[in-house]
Amino acid sequence: MTDFTIACFNVKNLIGADREYYRFQSYTPEEYAWKVDWLADQLLTMNADIVGFQEIFEEDALQSVIAETSRRAHELNAATIPDPSKRYHRKAIFRKLAVEPYDDAALAFAPNAADTGEAGKRRPGVAILSRLGFAEPPQIIQDLPGPLDIPFAPLRGFENDDAGFFRIRRLSRPILMARIPVGDTIITVFNCHLKSKLGEQITPPGAAFAPENDLTNYDPTGRALGSLRAGLRRMAEAWVLRRAIVDELNQGHPVMVLGDFNDSEHAVSSEIITGEAPFKNYQWMLRHDAQTPRDRYSEEEHEQITEDIEVVRLHSAESLFARKSRRDMVFTSAFGGVYESIDQIFMSRHFLPENPDRIGEMEYFSVLNDHMTDGSHPEAPYNKLASDHGQIMAHMRLRS
């Protein structure tokens, strides 16, 4: 058996001291030291073999967090793990207490293609840390080879009308794909950070800001249009990720996808990424080429359609945990009185317990969310030094 852990960690705006990442937002040296301290403590607590990070503005800052985590791991092990001269040093409890440093771990950083380095207008990237290394150089998906046009179908009765299309040339943040050797298996890991729910407002030529951003002259329809733009972009990015996932699955590669999806498991963009659930009984459904009311799919076609859908579906680690443990108090985001899970780990059916051909399965699912504060609380404006996300980790076991 081969055990490994995989985690998702949105660090919330990691950048060095005195460097303005967004307008009027930066860390003093003391704040930066506090943030590195907190992040290293969280990373040490997780002790994960593979970690996907989001909101990384500078690789050097992340390297500092990793180095501090390793330093603390060595210090903790020296204090708690008996040296070989002690007869009892082989006891299982000490193996459980040991924390593995990241001295020899591999780090892949995907900077944001839209980040020019201009103060106040920075754009974050993502990273993957792997104690298991990488089977090959990781790949970055952000600038598309050509514009992706998503056409809309005309409404019934208006078939001759041009329904228009949505075009995307670049993702708002990069997707990082890494093939990671785990025992004798290569697992493809995707780390993403989809477009946020913040509305996309358009600043008119010569204006200092978009009119919809002036909350003293609240424009409800304009702001709703901004949310529509953001939602369309997030779903388009989800489709780009889905295309890459299906390509890996079609090659027979086990897949795990983690990141900040900026919506819950049952939202549209997450459903695009994971794939549709098969219908319970396609024999009941009218065929696509039906000529009579009796033209339904056959039992053989039902089995084929179900398998074709299932083979490329992904499954939520959180949902698997809730089903297995009968616990459902999982959330990674708290704001304005709303608690939800916008950070997820999805996995292909290679890891499903009911799959007879599985290569492994998840044994446990951890959530670190005790540091989170609802945005309506008085202390919320100063929580920038911690993270406004909970950290999640799947504890996996591969078959021999």
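The values are calculated or read from the model by the stated rules, or taken from the named source; none is laboratory data. Values in this document were obtained by computation on a predicted structure and should not be read as measured data. Cβ atoms come from the backbone with ideal geometry, glycine included; neighbour counts cover every protein chain shown. Accessible surface areas use protein heavy atoms only, side chains included; no ligands, DNA or RNA. Shrake-Rupley method; radii C 1.70, N 1.55, O 1.52, S 1.80 Å.
Report the FRET efficiency, 1/(1 + (r/R0)^6), for residue 106 and residue 311, where r is their Cβ-Cβ distance and R0 is 45 Å, rounded to 0.05.
After rounding to 0.05, the efficiency reads 0.90.
Taking the Cβ-Cβ separation of residue 323 and residue 285 as r and a Förster radius of 30 Å, what is the calculated FRET efficiency to the nearest 0.05?
The computed FRET efficiency comes out at 0.65.
Using a 1.4 angstrom probe on heavy atoms only, work out the carbon and sulfur share of the accessible area of region 268-325 in %.
C and S fraction of accessible area: 52 percent.
Name the shape class, rounded, prolate or oblate, that the alpha-carbon gyration tensor gives for region 120-264, where a ≥ b ≥ c are the square roots of its eigenvalues, rounded holds for a/c under 1.5, and otherwise prolate holds if a/b is larger than b/c and oblate otherwise.
oblate
Starting from the Cα-Cα distance between residue 354 and residue 208, subtract it from 0.36 nm times their residue separation and give me the gain in nm to one decimal.
46.9 nm
Of 239, 203, 225, which is farthest on the positive side of the dipole of the chain, counting Cα position, with +1 on Lys and Arg Cβ, -1 on Asp and Glu Cβ, and the Cα centre as origin?
Selected residue: 239.
Only one of the values (i) 4, 19, 30, 25, 14, 6, 2, 0, 0; (ii) 5, 21, 26, 20, 13, 8, 5, 2, 1, 0; (iii) 4, 19, 23, 18, 13, 11, 8, 3, 0, 0 was calculated from this structure for P(r) over Cα pairs in 10 Å bins from 0, in percent; name its label.
Here the calculated entry is (i).
Which value, in debye to the nearest 20, describes the size of the charge dipole of region 127-177 about its Cα centre when Lys and Arg Cβ atoms bear +1, Asp and Glu Cβ atoms bear -1, and nothing else is charged?
Taking the Cα centre of region 127-177 as origin, the dipole is about 340 debye.
Okay, helix-only estimate at 222 nm for the chain: each DSSP H run of n ≥ 4 adds -39500 (n - 2.57), divide by all residues, round to 500 deg cm²/dmol; what do you get?
Dividing the helical sum by the residues of the chain leaves -8500 deg cm²/dmol.
Out of region 276-342, which GluC sites (Glu not before Pro) are coil in DSSP terms and have no more than 13 other C-beta atoms within 10 Å?
Answer in residue order: 276.
Of 195/324; 12/197; 12/121; 121/195; 12/96, which ones are farther than 20 Å apart at the Cα?
Cα-Cα > 20 Å for 195/324; 12/96; rest within.
For a protection proxy built on the mean count of beta-carbon atoms within 10 angstrom, sort 102-108, 158-164, 185-191, 117-123 highest first, please.
In decreasing order of mean packing, 102-108, 158-164, 185-191, 117-123 become 185-191, 102-108, 117-123, 158-164.
Among 320, 341, 355, which residue has its Cα positioned farthest towards the positive end of the charge dipole of region 312-363, with +1 placed on the Cβ of Lys and Arg, -1 on the Cβ of Asp and Glu, and the dipole taken about the Cα centre?
355
Which is farthest toward the positive dipole end of the chain among 181, 140, 22, measuring Cα position about the Cα centre, with Cβ charges +1 (Lys, Arg) and -1 (Asp, Glu)?
181
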